[in-house]
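Okay, structure first, notes after.
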Amino acid sequence: MEEKLMEKDYMPWEALLQEFGIRSTGMHRAFFQRFQEGIANIESLYRSIYGDFSESEDVFEELLKSIIVAYLEREQDLKKRDNAKEKQGHWFLSNQLVGMSLYVDRFAENLSGLHEKLDYFDELGVNFLHLMPLFESPAGESDGGYAVSNFRKVDSKFGDLQDLVALRKSMHTQGMNLMLDIVLNHTSHRHPWAEKAKAGDKRYQDYYYMYDNRWIPNQYEAAMPEIFPESSPGNFTYSEECQKWVMTVFHHYQWDLNYRNPHLLREMLDNVFFYANLGVDLLRIDAPAFIWKETGTSSQNLPQAHQLLQLIKQAVQMATPGMAILGEAIVAPEAIMEYFGKGDRAGKECDFAYNATQMALQWDMLASGDTRVMLQAQPILQQKPWRTSWISYTRCHDDIGLGYDDYMIAQAGKNPYQHRSYLKDFYAGKFPGSPARGALFSSNPKTGDARISGSLASLCGLEFALFAEGPNEIQLSIQKILLMQAFSMFTGGLPMLYYGDELGYLNDYSFLQDPAKSYDNRWMHRPIIDWEKAGLRKEKGTVENQVFSGTQRLIKIRKKLSAIADFNNIRWIQPHNIHVAGFLREIENQRVFVIGNYSNETAYLTWYALKEFGFVPNSLFDHWSKKSVQVGSDDNYLILEPYGFRIFEVKD
Ligand code: GLC
């Protein structure tokens, strides 16, 4: 079958390029080369996914045309930016980058409001903005913008495309980078494709998974887990409008797209290029783990999902190479690693993945005061391919899933079930004495699973300390916030702060009054910024001031230390003291130790712990306390106060 297709006559790509005036010499030479370098790869990926599809050849030609057109339509300024990034090499691994993720409307009302706030980011040191979904999404059924009804129209509540482009241009001029989402896995049921499918248009019914009865849905359901078991149980929804069962893995209003259909892939690729040519520097591919479904499997992380991502990456690499790709795969540790590409495709899939494993393990350490489970995960995390990077983070708009493996908990000497129950109770504030004030999200009584919602500050005890405790506890929770942020900013990767956390925002319970939000407690950690209150960051001694200036200082230190660039240069300190986590970052002639105490008691770490890396440090400079420290003898200790940390640069 495959051979027959290969023999079939279709337009050779050289001729196609010539048709568009692209030759091996002249102004399009670089693109010609990239195309030549990538075509074999893209063709083999495409064929392995769509070889059997009857219109496979025609769609492939269309797809190549999309790549060429995207390149030709790319603005000159963006092409220059592509070249500059290429010259810089590994641009996104740099320790100079610090990001923030935010909802435009909740942060600054709209895009022009945000435009006026660029100085705020400069003050903090943030130069990379992830703007949460901006494209049209039906009010009341939007999942925070992740149910898109028009991939190319900015939702009027934010402004319009011109506002977005104007903002991006100012950001680029000021040395900032832009990150946006593409929601690849599903559309809103109000997207024109879905509307046409509902009206009976066969072409668009083939864009989704739609069935007349439960026969096939039941086969899928047998092996698919539920994502939102409380608010949207099951993976299919009956559409009264067209009398069909439609696959809806997330909410009932988010219809899963069917990538078995190459026409759909081509159309979505055009959307990818649309974002690239708006000037996006990093494209966050939402929920890529789900883009291929197969009965009898969990329909997550399937090989075809990876091939599709590799194909997208390759296409972007050809047409708009300055745009990096982030795969938002919040799955088990080993499964996350595969989003970087594995085997001979290592480093050829996503440039970035979220380090959801490390994020959750930091929360694990903070609740248990024990760093051993976290250390068990490192052998996997350290397999990250060269030239790829993490989004490292403490909080984001989503819940915290304890997605790491049971064996990691068991190897640390704990019972996985009990340990997970403890963590959930701890963060939900149910464990006796726990100062955390979060809530369980998506509890599934069938499996016992649950994730955790809550703002950084509330989970670190600040809410409870402010309302029920006193100044000591307030200080302790601020210390926890900064410890968590220090680890996210220094373990490697592009740190992505979450808006509001820099000001110590607590949970916001107003979502309970809004029927469009009350079913989803992730809204408790999606604050609306009160700019008058934000002004308190300038008043010495306020909570806002302490958290903001601490965050600001961490960012400054990160930017000073080139060893913090993500060159896979991290080695963890052995657990001489289980309460203390620490690592060495090393580059050329710079060495930095970051060491933190995750317990609520003073911790003692033998100085020997710093001498196991093939050199013996003598004097250190702690960038955090701005003090020089002499390394003591092996029977002496580095003493760390509760939740205290050090950022030691080795001086000699
Ligand atoms: C991603 C988003 C999340 C959303 C889901 C469905 O996980 O981060 O907020 O609910 O995708 O689009």
Please enumerate, by chain and number, the lysines with C-alpha under 20 Å from the C-alpha of Lys517, excluding those fewer than 8 residues away in the same chain.
Lys157
Once you place label points 7 Å from the Cα toward the Cβ at Val165 and Lys153, how far apart are they in nm?
1.8 nm
Report the full-extension gain for the segment Ser633 to Lys202: residue separation times 0.36 nm, less the Cα-Cα distance, to one decimal in nm.
147.6 nm
For region 187-256, with only Lys/Arg (+1) and Asp/Glu (-1) charged at the beta-carbon, what is the dipole magnitude about the Cα centre, in debye rounded to 20?
240 debye
What nm value, rounded to one decimal, do you get for the distance between Ser112 and Gln243 when each label is placed 7 Å out toward the C-beta?
5.0 nm
Among all the lysines, which ones have a C-alpha under 20 Å from Lys244's C-alpha, if same-chain residues fewer than 8 places away are not counted?
Lys196, Lys198, Lys202, Lys293
Taking a probe of 1.4 Å and leaving out DNA, RNA and ligands, the chain shows per residue an accessible area in Å² of 39 Å²
Positive minus negative residues near Asp181 (Lys, Arg vs Asp, Glu; Cβ under 11 Å)
-1
At 0.36 nm per residue, minus the direct Cα-Cα distance, what do Phe431 and Gln418 gain on full extension? Give it in nm, one decimal, please.
3.4 nm
Residues meeting the amide H criterion for Lys153 (H placed from the backbone, H to H distance under 5 Å, 5 or more places apart or on another chain) are Glu136
FRET efficiency (Asp122, Ser443; Cβ distance; R0 41 Å; to 0.05) is 0.50
Label Glu221 and Glu86 with points 7 Å out from Cα along Cα→Cβ: what is the distance between them in nm?
5.2 nm
Looks like region 570-650, by Cα gyration tensor root eigenvalues a ≥ b ≥ c and the a/c under 1.5 rounded cutoff (else prolate when a/b is bigger than b/c, oblate otherwise), is rounded
Hey, any idea what % of the chain's accessible area is carbon plus sulfur with a 1.4 Å probe?
49 percent
Report the calculated FRET efficiency for Glu469 and Gln411 (r = Cβ-Cβ distance, R0 = 35 Å), to the nearest 0.05.
0.50
Under the rule of at least 5 residues apart or a separate chain, name every residue whose amide H is placed under 5 Å from the amide H of Phe128.
Val98, Met100, Asn177
Local electrostatic count at Glu226 - Lys and Arg +1, Asp and Glu -1, tallied over other residues with Cβ under 15 Å
-3
May I ask you to derive the FRET efficiency for Phe621 and Ser94 from their Cβ-Cβ distance with R0 = 22 Å, giving the value to the nearest 0.05?
0.50
Taking all pairs of distinct alpha-carbon atoms in the chain, Kirkwood radius in angstrom
25.9 Å
Run down the lysines and flag those whose C-alpha is under 17 Å from the C-alpha of Lys560, throwing out any fewer than 8 positions away in its chain.
Lys626, Lys627, Lys651
Could you tell me how far the Cα centroid of region 558-618 sits from the Cα centroid of region 398-460, in Å?
27 Å
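The values are calculated or read from the model by the stated rules, or taken from the named source; none is laboratory data. Worth saying up front: this structure is predicted, and the values here are computed from it rather than measured. Cβ sites come from the backbone with ideal geometry, for glycine too, and all protein chains shown count toward neighbours. We work out accessible area using only protein heavy atoms, side chains counted, and drop any ligands, DNA or RNA first. Shrake-Rupley method; radii C 1.70, N 1.55, O 1.52, S 1.80 Å.
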